[in-house]
Amino acid sequence: MKFFIDTANIDQIKEAQSLGILDGVTTNPSLMAKEGITGYDNIMNHYKTICDIVDGDVSAEVIAIDFDGMVREGEALAALHPQIVIKLPMIAEGIKACKYFSDKGVKTNVTLVFSAGQALLAAKAGATYVSPFLGRLDDVSTDGLALIEEIRLIYDNYAFETQILSASIRHTMHIIECAKIGSDVMTGPLSAIKGLLNHPLTDIGLAKFLEDYKKGN
Ligand code: E4P
């Protein structure tokens, strides 16, 4: 399973990259705004900075909601860096733009996916990634993981190559459950990724090993 970090925070991206387990980054307009990155030039430069830190795919989201605008923005984003993946909203114009870019061999990520039907359309349009938002479904008392399972089943039935990018991850158990289902990718906060490190028996065991070593040396 690929690990993406879901942030535009440079320090967090560097920290995740330094662990050696990072496969890419996802951003969205809210995450950019959270870091105070505003204005076209600053936003474009920020994407370039992120691409220089990580080796893998970096999802950059279009703001336009019409086909022509999405194509214009997407082409500018794709020209920025070969690691850029065009992130498109799950609306009719987004699906058209997805098909346009996938026909040209440009990587895409269809975002804001909340149903199996939407995921099926994204795959039909040749999306590289589909992003079901499991945490936001859980937030409204709907089983987000059940959606990941449904999409896995449908994609396997037809050998769709679109990768399931489980998004809106909230905690470590989401990551583990996604891995059990066979999600291709997960994107989550640094806290959820680092949470996977923790086990009290590891800490107790390590303390004991170090204590015993000191006794004999
Ligand atoms: C996905 O690419 C989105 O950026 C993200 O995972 C949304 O997560 P949130 O529900 O925590 O905002």
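Rule-based calculations on the coordinates, nothing more; no lab input. Just so it is clear, the structure is predicted and the values come from calculations on it, not from any experiment. Glycine also receives a Cβ, built like all others from the backbone with ideal geometry; neighbour counts cover every protein chain displayed.
Every residue, every condition in (1) touching a Ser or Thr at 6+ places or on another chain (Cβ under 9 Å); (2) not hydrophobic (A, V, I, L, M, F, W, C), yes or no:
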{"position": "T38", "(1), (2)": "no, yes"}
{"position": "V58", "(1), (2)": "yes, no"}
{"position": "D68", "(1), (2)": "no, yes"}
{"position": "E73", "(1), (2)": "no, yes"}
{"position": "H81", "(1), (2)": "no, yes"}
{"position": "I95", "(1), (2)": "no, no"}
- Task: Among the residues of region 43-53, write down those that are surrounded by 12 or more Cβ atoms within 10 Å (Cβ to Cβ) and either not in a helix (DSSP H, G or I) or not hydroxyl-bearing (S, T, Y) (or both).
- Result: I43, M44, N45, H46, K48, I50, C51, I53
- Item | Selection count, region 68-105, where residues are surrounded by fewer than 18 Cβ atoms within 10 Å (Cβ to Cβ) and hydrophobic (A, V, I, L, M, F, W, C) | 5
- Odd one out for T111, checked against (1) surrounded by fewer than 22 Cβ atoms within 10 Å (Cβ to Cβ); (2) within 16 Å of the ligand (Cβ to nearest atom); (3) farther than 18 Å from I181 by Cβ; (4) not small (G, A, S): (1)
- Task: Output the residue which, of all residues in region 112-151 that are assigned to a loop (DSSP other than H, G, I, E, B) and in contact with a strand residue (DSSP E or B) (Cβ under 9 Å, 6 or more places away or on another chain), is farthest from K194 (Cα to Cα).
- Result: A125
- Check region 195-208 and report whether any residue there is of a type in the set (A, V, I, L, M) and either within 16 Å of the ligand (Cβ to nearest atom) or on the phi > 0 side of the Ramachandran plot (or both). no
- Look through region 1-27, keep the residues that are in contact (Cβ under 8 Å) with a residue 40 or more places away in the chain and of a type in the set (D, E, K, R), and return whichever of them is farthest from the ligand (Cβ to nearest atom). E15
- Task: Hey, could you check region 152-195 for residues that are of a type in the set (G, A, S) and in a helix (DSSP H, G or I) and say which is farthest from the chain's Cα centre (by Cα)?
- Result: G195
- Message: Suppose we filter S30, S59 for residues that are closer than 19 Å to I169 by Cα, outside any helix (DSSP H, G or I) and within 16 Å of the ligand (Cβ to nearest atom); which single one remains?
- Response: S59
- Note on the structure: Selection over region 33-73 where residues are under 20 Å from Q83 (Cβ atoms), without any contact (Cβ under 8 Å) to a residue 60 or more places away in the chain and polar (S, T, N, Q) yields a count of 3
- Of all residues in region 8-18, how many are in contact with a Leu (Cβ under 6 Å, 6 or more places away or on another chain) and closer than 20 Å to I43 by Cα? 2
- Could you list all residues from region 155-175 that are more than 14 Å from the ligand (Cβ to nearest atom) and surrounded by fewer than 17 Cβ atoms within 10 Å (Cβ to Cβ)? D156, N157, Y158, A159, E161, M173
